[in-house]
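For reference, the structure is listed below as structure tokens.
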Amino acid sequence: MISSAAMILVGLTGGVATGKSTVAKMFRRCGAVVIDADQLAREVVQPDKPAWRDIVRAFGTRVLNPDRTINRPALGSLVFHLPRKRRQLERIIHPRVAREQRRLTRQAARFDPSAVVIYDVPLLFEAGIDKRVDTIVVVTADRETQITRLSKRNGLSRSEALRRIRSQLPMNKKCRLADFVLDGTKDTRRLKKDVAKICEDLRSS
């Protein structure tokens, strides 16, 4: 558990296209420190960093853009249907992301010993990160909303969207493991109110 003094580390997760990023922004407006796992994952694979070199060694230059950055869609499609390759990629990226998250968490605690730190992680449960946080918030949405959002946002067909959704832990299991559940289909005003209430509860715990 990565905590310091009265600081609380909150794992924020949800299904794909449930509204988790919107909720993360609302937590930030409430004064929480937000650490974005996806952003950290992008940073650790910048050209010539150790993770970048490991990825090129493992998957070849076909996963690179012309500017030598990682082509995330190409890499994602390469590993999506190959569990062994996906685990290999995770072994390269996850430990480095975890180290950076710990560094940023310690930094937040030094600045404010009673900070609420939100760690925004799509695969919180799947990667075992739930064991490293104090509290878990899950953002949920019904499946049709997820499919519609993936279609509009990512241009996926219905079957592609369903495949993406089913690749994650089922939403009902995530909700059962959560300390707080937020409905990502609510209108902005009501969702902000719910987030503010959770922030208040976390600070008083």
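The values are calculated or read from the model by the stated rules, or taken from the named source; none is laboratory data. Keep in mind it's a predicted model, so treat the numbers as computed, not measured. Glycine gets a Cβ as well: all are built from the backbone with ideal geometry, and neighbour counts include every protein chain shown. All accessible areas refer to the heavy atoms of the entire protein, side chains included, with ligands and DNA or RNA removed. Shrake-Rupley method; radii C 1.70, N 1.55, O 1.52, S 1.80 Å.
For the chain, give me every cysteine whose Cβ has no other Cys Cβ within less than 4.7 Å, ordered by residue number.
Those would be C175, since no other cysteine Cβ in the chain comes under 4.7 Å of theirs.
Given a Förster distance of 35 angstrom, what is the FRET efficiency for D183 paired with S157, based on the Cβ-Cβ distance and rounded to 0.05?
Taking R0 as 35 Å, the efficiency between D183 and S157 is 0.85.
For the chain, count the residues as N, evaluate 2.2 N^0.38 Å, and divide the Cα radius of gyration by that value, please.
With N residues counted in the chain, Rg over 2.2 N^0.38 Å equals 1.06.
In nm, to one decimal, how far is the D38 label point from the R68 one, both placed 7 Å along Cα→Cβ?
A separation of 2.7 nm, rounded to one decimal place.
Rounded, prolate or oblate: pick one for segment 1-119, where a ≥ b ≥ c are the square roots of the eigenvalues of its C-alpha gyration tensor, a/c under 1.5 means rounded, and failing that, prolate if a/b is larger than b/c, else oblate.
prolate
Dividing the alpha-carbon radius of gyration of segment 8-58 by 2.2 N^0.38 Å (N being the number of residues), what value is obtained?
Relative to the 2.2 N^0.38 Å estimate, segment 8-58 comes out at 1.48.
Helix 188-204 versus the longest principal axis of the chain: what angle, 0 to 90°, nearest 10, using Cα atoms?
Once rounded, the angle reads 70 degrees.
Under a plain spin-label model, where a point goes 7 Å from the Cα along Cα-to-Cβ, how far apart in nm are L123 and R103?
Spacing of the two 7 Å Cα→Cβ label points: 2.2 nm.
Once you've got the GNM for the chain with C-alpha springs shorter than 10 Å, pick whichever of R62, R164, R106 has the biggest mean-square fluctuation.
Answer for the Gaussian network model of the chain: R62.
Please list, in order along segment 146-162, the HN-Hα scalar couplings obtained from phi with the Karplus expression 6.51 cos²θ - 1.76 cosθ + 1.60 (θ = phi - 60°), rounded to whole Hz, x for Gly and Pro.
Running phi through 6.51 cos²θ - 1.76 cosθ + 1.60 with θ = phi - 60° gives 4, 4, 4, 5, 5, 5, 6, 7, 10, x, 7, 6, 4, 5, 5, 4, 4 Hz.
How large is Rg/Rh for segment 104-205, to two decimals, with Cα atoms and a Kirkwood Rh?
Ratio of gyration radius to Kirkwood radius for segment 104-205: 1.01.
Just L182, L169, L78 to compare: in a GNM of the chain, with alpha carbon springs under 10 Å, which one fluctuates most?
In this elastic network of the chain, the residue with the biggest mean-square fluctuation among L182, L169, L78 is L78.
Please work out the average accessible area per residue across segment 44-114, using the 1.4 Å probe convention, and give it in Å².
That works out to 64 Å² per residue.
Given a 1.4 Å probe and heavy atoms of the protein chains only, how would you sort K85, K197, largest accessible area at the top?
From most accessible down to least: K197, K85.
Would you mind telling me the share, in percent, of accessible area of the chain contributed by carbon and sulfur at probe 1.4 angstrom?
Within the chain, the accessible surface is 51 percent carbon and sulfur.
If you restrict to DSSP beta bridges whose two residues both lie in the chain, what percentage is antiparallel, to the nearest 5?
The antiparallel proportion sits near 5 percent.
When we measure straight from the Cα of K152, which lysines land under 17 angstrom away, once same-chain ones fewer than 8 places off are left out?
Cross-link targets: K20.
Return the single residue from V16, V45, V139 with maximal mean-square fluctuation; model: Gaussian network over the chain, springs between Cα atoms under 10 Å.
Comparing V16, V45, V139 in the GNM, the peak value goes to V45.
Net charge around E126, counting only other residues with Cβ within less than 11 Å of its Cβ (Lys, Arg = +1; Asp, Glu = -1)?
Computed value for this residue: +1.
What is the projected area of the convex hull of the Cα atoms of segment 44-114, averaged over all directions, in nm²?
With every direction weighted equally, the projected area is 5.9 nm².
What is the chain's relative contact order, in percent, from Cα pairs under 8 angstrom and six or more apart in sequence?
Once divided by the residue count of the chain, the mean separation gives 39 percent.
Give me the percent relative contact order of segment 44-114, please, defined on Cα pairs under 8 angstrom at least 6 residues apart.
Across segment 44-114, relative contact order equals 28 percent.
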